[in-house]
Every structure is written in structure tokens, then in C-alpha cells.
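Everything below concerns the one structure shown next.
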Amino acid sequence: MQRARRLASIAVIAVLGTTVLSACRSDSSVAVYLGDKKITEDEVTSVLDDVRSKAASPAPTEPGATPAPGAPEPKTPSRAEVVGTLVMREVCLKLATDKGFKPSEQAPIERIAEATGLPADSRYVRLFSELDACRAGIPVTQPVAPTQEELMDVVARGRVAGVIPPDAKDGEAGQQLDGDVLRRALAMRNTLTEALESSDVTVNPRYRPLEYPVLTFSDSSPALVVPIGQSGSDTVVDAR
């Protein structure tokens with residue numbers, strides 16, 4: 001699936017003090033302020049509750065079918081992952097309207113569910129699918145070459161993920177990771193970063209630093225990310 005961009009390995013790249021929020025944006029019941037919209041904590045909780053309930057009560061299968069022995073339990077997304085998905089979906093759909101491009105056709109929801117390991121009928125998978133399709137529709141006409149700093153950041157993330165052999169030098173690892181997939185991901189990252197910067201985003205400090213992976217390694221750990229909102233980890237005033 002072309003839209004599922006991942007860095008498969010080191011050798012192969014294949015097709016993720018006390019202050020307040022800004023003035024009038026200090027309500028602790030709000031996860032993210034996005035322009036004149038709010039993504040509330042209740043909405044985040046609702047998405048998580050839905051995916052947990054669907055995972056606990058999976059959809060009926062064919063008569064007589066039984067779960068595969070030793071099948072792993074679905075790993076529900078973290079609150080930060082839900083927040084990032086909600087934010088980037090809104091930002092990407094607005095970008096599509098502003099730039100006049102159409103999201104790509106959504107992949108079969110079953111494939112998204114398989115890729116995420118989550119129930120196909122969950123709200124989170126639907127949101128993830130909509131964001132995935134929108135991202136795939138972003139026109140990338142000119143791949144962007146990474147700076148040395150950007151390339152070394154990808155290498156550092158690869159070492160954390162364990163996909164780069166300990167004895168591999170940074171320069172060698174960087175040369176093998178640099179390629180068309182990474183350069184197109186950088187172009188997309190830049191487009192999404194500009195869209196975020198113009199979207200007036202304020203993130204609740206409990207989620208900072210909040211990042212959205214544009215490119216992942218084969219284990220789904222982030223290789224290249226878009227920072228969402230502020231990078232600080234200030235606490236938020238409870239406005240209730």
C-alpha cells in the first residue's frame with residue numbers, strides 16, 4: 001500500500017515552573033485549541049472508550065470461528081496518539097480545502113484495521129483511515145533533500161528503534177536511509193508543518209511535546225515527525 005510509508009531497515013527503505021496556556025486558552029478540559037475549534041478531553045476519552053469496548057467485544061465472525069491461539073491482545077492507542085490523529089485529520093482536511101486537492105480513495109477499512117491491530121468498526125480506525133487518505137492526497141511535486149541535521153535525527157531515531165546495527169557509523173547509516181521515500185516524506189512534513197503553523201494550534205501541556213509521525217520504521221516507531229503546537233511541558237490551569 002503506497003500510503004503506508006515505512007523505513008524497513010538500515011539497508012532497505014520500503015513503502016507515523018507553572019504557566020498557563022495562551023490567553024483565553026487555559027481550559028484544562030480542552031486537549032487542543034485549533035483555530036476556532038476545540039478538541040476536548042471528553043472527545044479523546046470517547047474515542048478511547050469506543051476502541052476499548054470494540055476490542056473487548058469483537059464483531060461476530062463466521063459460525064464456529066474461534067480466535068487464533070495465542071493471538072496478541074489489541075494495543076489501544078495512547079491519549080496522545082488519539083489527540084495527534086484528531087488534530088492532523090482536521091489540519092489535513094482544511095489543507096485539502098485551501099489547496100484544492102482531493103484526499104485519495106480510502107484503503108479498505110479492514111486493511112487499516114490489520115495495520116493498526118485495532119477493531120475495524122472502531123471510531124479511531126475510521127479517523128485514522130480518513131487522515132491516511134488525506135495525507136496520501138497531498139501533492140508532493142518536489143522531494144526535499146534532508147539537511148545533515150535532519151538525516152542525523154532520523155539515524156538517532158533508528159538507533160533508538162534498534163533498526164541500525166550498533167557497529168554502523170552514522171554517515172553510513174545516513175547514506176542508506178536517505179532516498180526517495182525519505183525525501184518525499186520530508187516534503188510532506190514541510191507541507192504539514194506550514195499548515196499547522198497557520199492553524200493557530202495550542203496544545204494542552206499534558207500532551208507536550210506532541211508529535212505526529214510522517215514516516216516510521218518497520219516496527220512503527222517514528223522516523224520523521226511533525227511537531228504539533230508548543231514544545232514545552234508547562235502545566236495548565238484548571239479553569240473549572
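Each reported figure results from applying straightforward, stated rules to the coordinates on display, with no laboratory input. This one's a predicted model, so the numbers in the text were calculated from it and none came from an experiment. Cβ sites come from the backbone with ideal geometry, for glycine too, and all protein chains shown count toward neighbours.
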Q) Which FRET efficiency value, to the nearest 0.05, is calculated for T147 and D200 with the Förster distance at 22 angstrom and r the Cβ-Cβ distance? A) 0.20
Q.
Check which residues have an amide H placed less than 5 Å from L210's amide H, if you skip close sequence neighbours.
A. I228
(Q) Within 12 Å, Cβ to Cβ, of N190, how many net charges do the neighbouring residues add up to if Lys/Arg are +1 and Asp/Glu are -1? (A) 0
Q: Could you tally the net charge around R159, taking each other residue with its Cβ under 14 Å from the Cβ of R159, Lys/Arg +1 and Asp/Glu -1?
A: -3
Q.
Taking loop as defined by DSSP and a crowding limit of 13 other beta carbons within 10 Å, which trypsin sites (Lys or Arg not before Pro) in the stretch 153-224 fit?
A. K169
Q: Would you calculate the separation in nanometres between label points at Q106 and D49, each defined as 7 Å from the Cα along the Cα-to-beta-carbon direction?
A: 2.3
Q) Check V201: other-chain or 5+ apart residues with amide H under 5 Å from its amide H, H built from backbone geometry? A) G35
Q) If Lys and Arg each add +1 and Asp and Glu each add -1, what is the summed charge of the other residues whose beta carbon sits under 12 Å from the beta carbon of A145? A) -1
Q: Obtain the nm distance between the two label points defined at R159 and S29 by a simple spin-label model: each point lies 7 Å from its Cα along the Cα-to-C-beta direction.
A: 4.6
